[in-house]
Amino acid sequence: MCLTNPIIIIQLNARRRFDGKGQPTILIEVHCVVKSQEKLICRCISPSSNSNILDNAKLSDREVEEQRRAESVRIAIDYINQEFSPMFRDMKPTEQTKVDAIISEYMQKLQDEENAKHHAELTTPESETTPRMDVPQDPKAKSKAPVKGGKSKIPTPVIVEEPRELLALGAEAVCAVSQVVCVAGAATQGVPLYEYISSLYNTEQCQFHMPLPMVSIMQGGKAAAGKLNCIKEFLVVPSPHLSYTQSLDYIIGIYSYVEKSLVSKFGAQMKAVSDTGALCPAFDKLELGLDLLIEAITAANLKPGEDFHIGINAAAHEIIDFEKGKYEVITGMLKGADDMVGFWTEILSRYPEIKFIIDPLGKQDRTQWLELCDKITDTCFVVGENLYPRTGHLKNEELPNPVITNAAVLAMESLTSVSELMTCVKKMEAAKNQIVLAARAGETQDDFLADLAVGMNVRFIKLGAPNRGERISKYNRLLQIESELESAGKLAPQKDHEFIHISLPSPEVE
């Protein structure tokens, strides 16, 4: 009896390519031995890493970032071709967990060295790895006696900016290798990628759900034109009762309506879009954006708040004035953390169509974040993105008690493997958080993320606007997956939203 030899990896071949922003990234090919013949199994182009600096950074900082990114991609390609390709020779492409463990351990050693080096460069005694609230001390204040009968002036808290982690050069190799091996595993098994991912996720599900698209229609924030700082993204999300195909048709209609409205009011320059494909109007008031979304949803013969919901990405960490310890919600208008609770509560009371708010406060204002959750989470998802660390840390860190979100944004970042992402998804779902699987700023036309979302059965997917080829490729792949699942009788409807209320902790927990 002749036994078939297992399919094994013979070579990984990495080369430089470019993402949708023109930034360098990595293409990897997987060559395997199949029936004693070498064969190209698949190739993938991974997205590039998100920038380590904010959108409104100085030009000089951007140039340094770009140079480091290019160097990191070059080193990652060398690692893949010279280190990992020989390392994975003769391994099966279906050994995803083993591949991820090897490459993650290898790169984590380099990351530990980078962290130690970076820590040594931080000479300021106050530098810490987590943000905190400090009250500036006047050296003369101790010698002054309090004025009898007078009111003491409380110093304004100063927020200490959290040092950003500097990823080791070559970190992009982790995501790139893990992704392409996953695709190769599915190809050698002869099953759809989403089904293969489902088996890796240990669900072995017979029925699949299509993720609800969380779509950026307009982009603002501190780096945008206009005075409005406190909303970085104006988002729409379809109701769970709509199919994915129906939802996408409506989304494109809403986007088109908003674009035409902006062009008619402000001119053809409003056709310019952000890196994620979102329109970029110059708003001075948040009501202008929210009202326009409601108008666009209504024009599609939909009921705002029922057929389609509105989401806002506040990205509060980007609008903090660290010296004054306040948030600059509108240019020249500063609010403290306590004021932000009232601010967002009032906005949501006026706009009940809003069902999602991402990062409404900075992570250092945990008390106020909990106060806001207690007020709004009966009818709204409070979503953490910047609140949580990257997956490499999240998988090991203990979550806060109580957990202060009911949804979390996760992504395949540079140092993230498929196995590591799955661990974090399970961890957040166990903490009663819905998952938003997000694309990165430097996306490519590779549609791996669509299969990953369906395979892990995540609730939401955040790909950007229905614009730019690297975004549309993933929306189109989801259309194809829905059609396949429907034909095979494996498509299950999404359930209604379940809002998990987050209460203020009792004194003993606090």
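The values are calculated or read from the model by the stated rules, or taken from the named source; none is laboratory data. Note that the coordinates shown come from a computational prediction; the quantities given were computed from them, not determined experimentally. Cβ: placed from backbone, ideal geometry, glycine included. Neighbour counts: every protein chain shown. The accessibility values were calculated without ligands, DNA or RNA, using every heavy atom of the protein model including side chains. Shrake-Rupley method; radii C 1.70, N 1.55, O 1.52, S 1.80 Å.
Quick notes
- Residue 404 passes every criterion in (1) more than 22 Å from residue 235 (Cα to Cα); (2) in a loop (DSSP other than H, G, I, E, B); (3) open to solvent by less than 10 Å² (accessible area, probe 1.4 Å); (4) not charged (D, E, K, R) apart from (1).
- Summed over segment 207-225, residues that are at pLDDT 95 or above, in a loop (DSSP other than H, G, I, E, B) and open to solvent by less than 30 Å² (accessible area, probe 1.4 Å) total 3.
- The single condition among (1) out of contact with any Gly (no Cβ under 6 Å at 6 or more places or on another chain); (2) open to solvent by less than 30 Å² (accessible area, probe 1.4 Å); (3) assigned to a loop (DSSP other than H, G, I, E, B) that residue 386 does not meet is (2).
- Selected residue (only one of 414, 419 is among the small types (Gly, Ala, Ser), open to solvent by 20 Å² or more (accessible area, probe 1.4 Å), within 22 Å of residue 448 (Cα to Cα) and outside any strand (DSSP E or B)): 419
- Filtered residues of segment 309-347 (kept if buried (at least 21 other Cβ atoms within 10 Å of the Cβ) and under 17 Å from residue 291 (Cβ atoms)): 309, 310, 311, 312
- Within segment 318-330, residues that are farther than 14 Å from residue 364 by Cα sit with their Cβ atoms under 7 Å from residues that are buried (at least 22 other Cβ atoms within 10 Å of the Cβ) and aliphatic (A, V, I, L, M), at 6+ positions apart or across chains, in these pairs: 328/319; 329/319; 330/228.
- For residue 80, the test of being of a type in the set (Val, Ile, Thr), more than 23 Å from the chain's Cα centre (by Cα) and surrounded by 13 or more Cβ atoms within 10 Å (Cβ to Cβ) is passed.
- Qualifying residue in segment 449-469 (condition: open to solvent by 20 Å² or more (accessible area, probe 1.4 Å), more than 23 Å from residue 96 (Cβ to Cβ) and assigned to a helix (DSSP H, G or I)): yes
- In segment 429-439 there is at least one residue matching the filter, namely being surrounded by fewer than 22 Cβ atoms within 10 Å (Cβ to Cβ), of a type outside the set (A, V, I, L, M), within 29 Å of residue 239 (Cβ to Cβ) and without any contact (Cβ under 8 Å) to a residue 12 or more places away in the chain.
- Top-ranked residue of segment 264-279 - restricted to ones that are open to solvent by 40 Å² or more (accessible area, probe 1.4 Å) and assigned to a helix (DSSP H, G or I), ranked as modelled with the highest pLDDT: 264
- Output for segment 245-268, where each listed residue is under 16 Å from residue 291 (Cα atoms) and of a type in the set (Phe, Trp, Tyr): 255, 257
- Tabulated pairs, segment 351-380, first at positive phi, second small (Gly, Ala, Ser) and part of a helix (DSSP H, G or I), C-beta under 6 angstrom, 6+ apart or interchain: 359/316
- Scanning segment 24-46 for residues that are free of Cβ contacts under 8 Å to residues at least 40 places away in the same chain, small (Gly, Ala, Ser) and within 25 Å of residue 444 (Cα to Cα) yields a count of 0.
- Yes/no for residue 479 being in a loop (DSSP other than H, G, I, E, B), touching a residue at least 60 places away in the same chain (Cβ under 8 Å), of a type outside the set (Ser, Thr, Tyr) and more than 21 Å from residue 312 (Cα to Cα): no
- Flag if residue 247 is outside any loop (DSSP other than H, G, I, E, B), surrounded by 21 or more Cβ atoms within 10 Å (Cβ to Cβ) and among the small types (Gly, Ala, Ser): yes
- Residues of segment 9-29 satisfying the condition of being out of contact with any Asp or Glu (no Cβ under 7 Å at 6 or more places or on another chain), within 17 Å of residue 70 (Cα to Cα) and either among the charged types (D, E, K, R) or assigned to a strand (DSSP E or B) (or both): 14, 15, 16, 17, 18, 24, 27, 28
- Test: residue 409 is modelled with pLDDT of 95 or more and open to solvent by 10 Å² or more (accessible area, probe 1.4 Å): yes
So that you can scan it fast, the table gives a plain yes or no per residue for (1) of a type outside the set (Lys, Arg); (2) in a loop (DSSP other than H, G, I, E, B); (3) modelled with pLDDT of 95 or more:
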| residue | (1), (2), (3) |
| --- | --- |
| 63 | yes, no, no |
| 87 | yes, no, yes |
| 94 | yes, yes, yes |
| 99 | yes, no, yes |
| 104 | yes, no, no |
| 108 | yes, no, no |
| 136 | yes, yes, no |
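- Among the residues listed as 337, 296, 282, the single one being out of contact with any strand residue (DSSP E or B) (no Cβ under 7 Å at 6 or more places or on another chain), among the small types (Gly, Ala, Ser) and modelled with pLDDT under 95: 282
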